[in-house]
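The values are calculated or read from the model by the stated rules, or taken from the named source; none is laboratory data. Just so it is clear, the structure is predicted and the values come from calculations on it, not from any experiment. Backbone-built Cβ (ideal geometry, glycine too); neighbour counts: all protein chains shown.
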């Protein structure tokens, strides 16, 4: 049985002409490497999978623009890196990510405490577990304030309760989460090093 050799230039030329078969060959060759690259920076399996998929979707959508004279590897890794940077910039504005950074900073971890690090995905899992411990009203108020960005005034009007009641419920909910999260130590994932 003769094994067909991988000829990248050949596959790129046919991809540029619209060959889905050659696109699949390139996808199967590069997807694991691209995933590993993104995961090594983000420490998020979900994010790495999404960005790798989106990178190849972009390649297929724009296949006629691909120039075989340039490095395909550099091309796809540049697309993925730019998507990752854009996503990380969005995460910076995510209220849960802000809480992640704040908690990481407040724990005042040493750089040598490697075994205590967890990534953002694990942080979200722990947040969700902690949220299950909240009362239904605490959870509603927490989600409206922290995840949807509603102010205390807006929440008090929504539930027809005074602002102090909203603050009290929010405070109890946050305290519940912080108690759960203190069981593990967190460290910021050097995301800011990748933001320009």
Hits in the range 146-182 - residues which are more than 15 Å from residue 126 (Cα to Cα) and in contact (Cβ under 8 Å) with a residue 40 or more places away in the chain: 146, 147, 149
Close pairs from the range 33-50: first under 10 Å from residue 80 (Cβ atoms), partner outside any helix (DSSP H, G or I) and at pLDDT below 90, Cβ under 9 Å, at least 6 apart: 38/44; 41/189; 41/190
Hey, residue 46 under 26 Å from residue 178 (Cα atoms) and either assigned to a helix (DSSP H, G or I) or modelled with pLDDT of 80 or more (or both) or not: yes
Counted residues, the range 17-43 - those being in a helix (DSSP H, G or I) and modelled with pLDDT of 90 or more: 17
Residue check, residue 187 at negative phi and at pLDDT 85 or above: no
